[in-house]
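Chemist: Take this structure first; my questions come after.
The values are calculated or read from the model by the stated rules, or taken from the named source; none is laboratory data. No experiment lies behind these values; they were computed from the predicted model shown. Here the Cβ positions follow ideal geometry from the backbone for every residue, glycine too, while neighbour counts run over all protein chains shown.
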Amino acid sequence: MSIEPTPIDVNLAEYIRSHASGRDETLRLVEDETDAMGPERSMQTAPEQAAFLEMLVRLGPGRQAIEVGTFTGYGAIRIARGLTAEGRLLCCELDSQRAEIARRNVDQAGIGSKVEIRVGPAIETILSLPERPAFDFAYVDADKTGYPDYYEALLPRMNPGGLISFDNVLMGGRILDSKPDDGTAAMQGLNDLILEDPRVDSVMLGMADGLTLARVH
Ligand SMILES: C[S@@+](CC[C@H](N)C(=O)[O-])C[C@H]1O[C@@H](n2cnc3c(N)ncnc32)[C@H](O)[C@@H]1O
């Protein structure tokens, strides 16, 4: 196909980031705190993507949301901000220290009462929930080998029309590898499954490290 995408170099990427709306002082403090954490800083959801997530939640019913992998709470703050006044966000985080940081940050952002953080393997947290539709929005952003299991566990727990979003679907470009590592192989399988899956409509976006949206029938 001869439709040429606009190549996004670092300058254009920075331009897009600088136009991410809603990056208030609280979010910038979380960005700075996360930035000071060293190499793991790169795990934070990109500001422009976090703004997009908030927009998506705001467009939907915005009642019940779940995040798989919370880190310092950056994405959680934006998802929670998109919820209705009665809306609730359940965050799943393996690491108790990160969960404490996220707790402090969501509290400082003024949306702490909407957010519950459960510490432990996310798959156990999800499977402990009743298997009935509950969530309008899900954001999957944890261990990549776990993505296929998160997808199957979340599907029956999504309301009709609910949206599951998956971060890092391009795996830093490794998604094209013919000899993929375990995480990339899991992502390749999931990307192919979602494309043909009659249970969802989907779209893959070239935002940040790739974001797939799967809308559950
Ligand atoms: C990419 S970071 C999440 C970034 C976060 N969503 C944000 O908006 O900045 C991935 C997080 O998933 C957590 N994680 C990894 N494996 C997990 C698992 N099995 N269950 C729950 N959380 C997990 C990591 O500790 C890490 O904090």
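Chemist: Out of the stretch 93-106, which residues are basic (Lys, Arg) and more than 8 Å from the ligand (Cβ to nearest atom)?
Modeler: Listed by number, the residues that qualify are ARG103, ARG104.
Chemist: Just one of GLY183, GLY173 is closer than 23 Å to PRO7 by Cβ and in a helix (DSSP H, G or I); which is it?
Modeler: GLY173
Chemist: Six or more apart or on different chains, Cβ atoms under 8 Å: show the pairs whose first residue is in the stretch 1-23 and of a type in the set (Lys, Arg) and whose second is not in a helix (DSSP H, G or I).
Modeler: So the pair list comes out as ARG17/ALA46.
Chemist: Let me ask something else. Please verify whether ILE164 is crowded, with 21+ Cβ neighbours inside 10 Å and in contact (Cβ under 8 Å) with a residue 24 or more places away in the chain, treating the condition exactly as stated.
Modeler: yes
Chemist: Among the residues of the stretch 153-170, which ones are among the hydrophobic types (A, V, I, L, M, F, W, C) and either part of a helix (DSSP H, G or I) or farther than 26 Å from PRO130 by Cβ (or both)?
Modeler: Within the stretch 153-170, ALA153, LEU154, LEU155, VAL169, LEU170 meet the criteria.
Chemist: Given (1) outside any loop (DSSP other than H, G, I, E, B); (2) within 15 Å of GLY73 (Cβ to Cβ), where does GLU14 come up short, assuming only one miss?
Modeler: (2)
Chemist: Separate question: Could you check the stretch 120-149 and list, in sequence order, the residues that are within 9 Å of the ligand (Cβ to nearest atom) and either of a type in the set (Asp, Glu) or in contact with a Lys or Arg (Cβ under 9 Å, 6 or more places away or on another chain) (or both)?
Modeler: Selection gives GLU124, THR125, ASP141, ASP143.
Chemist: Restricting attention to the stretch 130-142, does a residue exist that is surrounded by fewer than 20 Cβ atoms within 10 Å (Cβ to Cβ) and at pLDDT 95 or above?
Modeler: Looking through the stretch 130-142, none of the residues is surrounded by fewer than 20 Cβ atoms within 10 Å (Cβ to Cβ) and at pLDDT 95 or above.
Chemist: Out of the residues in the stretch 107-119 that are more than 12 Å from the ligand (Cβ to nearest atom) and not charged (D, E, K, R), which is farthest from VAL216 (Cα to Cα)?
Modeler: Per the criteria, the residue is GLN108.
Chemist: Which residue out of VAL200, VAL216 is β-branched (Val, Ile, Thr) and in contact with a Pro (Cβ under 7 Å, 6 or more places away or on another chain)?
Modeler: Testing whether each residue is β-branched (Val, Ile, Thr) and in contact with a Pro (Cβ under 7 Å, 6 or more places away or on another chain) leaves just VAL216.
Matching residues to (1) within 12 Å of the ligand (Cβ to nearest atom); (2) hydroxyl-bearing (Ser, Thr, Tyr); (3) at pLDDT 95 or above; (4) surrounded by fewer than 14 Cβ atoms within 10 Å (Cβ to Cβ):
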site	(1), (2), (3), (4)
PRO7	no, no, no, yes
LEU12	no, no, yes, yes
ALA20	no, no, yes, no
LEU27	yes, no, yes, no
ALA36	no, no, yes, yes
ARG41	yes, no, yes, no
VAL57	no, no, yes, no
LEU83	no, no, yes, no
LEU89	yes, no, yes, no
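Chemist: Looking only at the stretch 1-50, count how many residues are hydroxyl-bearing (Ser, Thr, Tyr) and in contact with a strand residue (DSSP E or B) (Cβ under 9 Å, 6 or more places away or on another chain).
Modeler: Residues flagged as hydroxyl-bearing (Ser, Thr, Tyr) and in contact with a strand residue (DSSP E or B) (Cβ under 9 Å, 6 or more places away or on another chain) within the stretch 1-50 amount to 1.
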